[in-house]
2 protein chains.
Amino acid sequence: MEANQKQTIYDIAKAAGVSASTVGAALNGSWKSRRISKNTVNRIVEIAEEVGYTVNLQARALRSAKTGLFGMILPQHDNRFFSSIGQCFSNETRTRQALPVIVSTRRDRDQEVQAVRGLIDYSVDALMLVGTSNPDELGEICREANLPHVFVDQPCEGAPSVVSDNKEGARKLTYALLDQCEKNAVRDIMFLGGNAALHATDLRIQGFREALLQHDQIAMDEQIVACGYGRAPTRDALAKLYQSRKGLPSALFINSIGCFEGALEFLTGLPAEEVDACSIGCFDYDPFGSLLRHPIPMVRQRADELVRRAYQHLDENDTEPRMTLIEPELILPRVINAL
Amino acid sequence: MEANQKQTIYDIAKAAGVSASTVGAALNGSWKSRRISKNTVNRIVEIAEEVGYTVNLQARALRSAKTGLFGMILPQHDNRFFSSIGQCFSNETRTRQALPVIVSTRRDRDQEVQAVRGLIDYSVDALMLVGTSNPDELGEICREANLPHVFVDQPCEGAPSVVSDNKEGARKLTYALLDQCEKNAVRDIMFLGGNAALHATDLRIQGFREALLQHDQIAMDEQIVACGYGRAPTRDALAKLYQSRKGLPSALFINSIGCFEGALEFLTGLPAEEVDACSIGCFDYDPFGSLLRHPIPMVRQRADELVRRAYQHLDENDTEPRMTLIEPELILPRVINAL
DNA sequence: AGATTTTGCACCATCGATAGTGCACCTTTA
DNA sequence: TAAAGGTGCACTATCGATGGTGCAAAATCT
């Protein structure tokens, strides 16, 4: 019954006794403007369905220089924030009748470059670059290839970028933590995790410092431990910290959810009283974090807004290197009775 | 300096004073077998780099009937398990020099069908279907299109499938929960969450029942509340349950992480003693879950293994409808002091 | 030196869809 | 009734890369 080989418009043309271009027009909707009679169209569509015809988008793309592929470079899928970005991107892209191609590159420069080149080879119609480690180089590659692109989360000098207002978020979180502290312990807050070389971490540290300044404190360099985004390194960094200062600080600003997990790994090994005495906040959101017995204020980045605005730049054919800031929200801990 | 338009092999051919087919061969590596001199190749490669040439994979795909695109249908990105599957798929696909195309379809039949058809239109070389709500129909579509495919997590009657050993996992988790219970409370364990119509939930319920049987218990239908995979519905189902029976059961088998979050939302509103008295386990893994003060045994599905075996089926050109079971691991709670 | 082999490349059809152009045939209008 | 316009479609070039085939020129052999 079913044709085994993939059917083309030529096969259908033969079956219908018309020309291939007529079949093409009938099937892609351009038949009205090409003055193909409704009868012929019906006949063709019927045959097409019968033999299970599907367009070859490669051929279409080759001819029309539009692939309907939208690319995204993402550090990783298995991360609350990034997967949420991926989800929004996927939704948004599919409502546009296009296909999302998400490539994860582990924040690795070589992988990023390779992935961008790969996507260019596939002639993606546009590219969203999220949290890349090397924005300027990647932006340059896109520009050379004449590929519309936007940066998200980590901005680029030479292209439109949409990022969370990291400084403001950090300020809010720091205030929340300081509020929980005793007056005399204010100087004892620490910033843990992230990569100081990255834009996001840098701004969060700035926000942290500024918030301290509001409390007439100047943050010392020792108060800032940017040990990377890794789980284990953060655990170890915190352990070392604990050892060297013989105890926890009075407050901990933890940069990103991965770091938070690492910190928890260490903290859960400590006596409850010690942990209870330490105010902990995290710049990133995870529902579980907010369900811990220990109250954890968290900052949630608005993935949906980030993606929406990024797409807006693409829609508007914007190539100006302007930066759009999206304010993240501070999620205060609920009052928890159990667990 | 840089060419603005996308360069083709014809442009380079003109620049190098050779034919297009020579350029093609020089650039795609087939020049050895085509007896193009090393000198000519070097000259061509140099020009290509100079003008920033990149292949048009659409054209190549059209000609060679291989796109280098590998598709995946995924219920959602923003979920620990699925995002982890996505990550593994992405890694594995990229080591094969191919491009992963992951489409999320929210377990929605129409979206799934549409996505599969879309991927067929793009001529993906193979397709992995994860946790689909309608495997048989989708399998049929793939078969008609002559598209190599494998099902993951949710099996299909007519195609190779790789799934976690849900029954065994559920048995192990149930045993772990029963071990925590008092002898007399064994009959009081409940199964919460999931969709009984889906293969995975069905088998987990079977495992749950079997484990109870080992304890000489027959699970009553009221002990099984398959309220779906949603967070809010699970919270509400648990709340209702609590009301109607005036308290928590002695043990709770929670099916999937989303349900677990929903349950937590309710549980955190209860007095600590009540929650403490209830053994809680979750069929799914989240590091935060294992960091709660309340000990939570969890079942972790091996995303890497699932994807690895799925790819193996594709590599072996396997179309037999055989099912590969991957044993999930039971993760026992750590001894937690704090939080 | 002439015959034979090898080297190095050009030429051309092809993959499947799209869109410009042309041309019968039919209908309307003067 | 002839001119003018409309309708319905076929023909053909094209997108960029690939691979089979053919043919000179150079290299090797007799």
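What follows is calculated from the coordinates using simple rules that are stated; it is not laboratory data. Being a predicted model, the structure only gives us computed values, none of them experimental. Heads up, the Cβs are rebuilt from the backbone with ideal geometry, glycines too, and the neighbour counts pull from every protein chain shown.
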Mean Cα-pair separation over length for the range B:261-339, i.e. relative contact order, pairs under 8 Å, 6 or more apart, % = 33
On full extension of the chain, what length is gained from A:Ala196 through A:Glu46, given 0.36 nm per residue of separation minus the C-alpha to C-alpha distance?
-> 47.8 nm
Teacher prompt: B:Arg302 distances to equivalent labels in other copies, 7 Å Cα→Cβ, nm = 4.4
14 Å reach of a label modelled at B:Ala272, 7 Å along Cα-to-Cβ, counting backbone N of the range A:253-297 = A:272-277, A:292-295
Taking just the C-alpha trace of the range B:166-300, give me its Rg and Dmax in Å.
-> 13.2, 36
Extension length gain for B:Met323 and B:Arg109 (0.36 nm per residue less Cα distance), in nm, is 74.8 nm
Given a cut-off of under 8 Å on Cα pairs at least six residues apart, what relative contact order in percent is computed for the range B:211-259?
-> 34
Hey, what angle do you get for helix B:135-144 against the long axis of chain B, alpha-carbon based, 0 to 90 degrees rounded to 10?
-> 20
Once the protein assembly as shown is represented by equal point scatterers at the alpha-carbon sites, with solvent omitted, what log10 I(q)/I(0) does the Debye formula produce at q = 0.05 Å⁻¹?
-> -0.28
Label 7 Å beyond Cα on the Cβ vector: B:Ser21 copy-to-copy distances, nm = 2.8
Would you mind listing the distances between the A:Glu137 label point and the same position in each other copy? Use 7 Å along Cα-to-C-beta, nm, one decimal, shortest first.
-> 4.7
Highest-fluctuation residue, A:Ile280, A:Ile141, A:Ile205 considered, GNM on chain A with Cα pairs under 10 Å = A:Ile141
Taking A:Lys246 as the anchor, which lysines have their alpha carbon closer than 30 Å to its alpha carbon, excluding any fewer than eight residues away along the same chain?
-> A:Lys172, A:Lys183
List, largest first, the extents of the alpha carbons of the range A:65-159 along their principal axes, each in whole Å.
-> 35, 30, 20
When only Cα pairs under 8 Å and 6 or more residues apart are kept, what is the percent relative contact order across the range A:65-159?
-> 32
Cα→Cβ-extended label distance, 7 Å offset, between A:Lys246 and B:Asp315, nm | 5.7
Axis-proximal residue, chain B, for the rotation superposing B on A (Cβ, Å) | B:Phe288, 2
Beyond 25 Å, what percent of the Cα pairs of the range B:128-236 remain?
-> 34
Using the alpha-carbon centroid of each, what span in Å lies between the range A:222-276 and the range B:214-293?
-> 31
Taking Cα atoms, how many degrees apart are the long axis of helix B:303-315 and the longest axis of chain B, rounded to 10 and kept between 0 and 90?
-> 40
Helix B:199-214 axis, angle to chain B major axis (alpha carbon atoms, nearest 10°) = 40
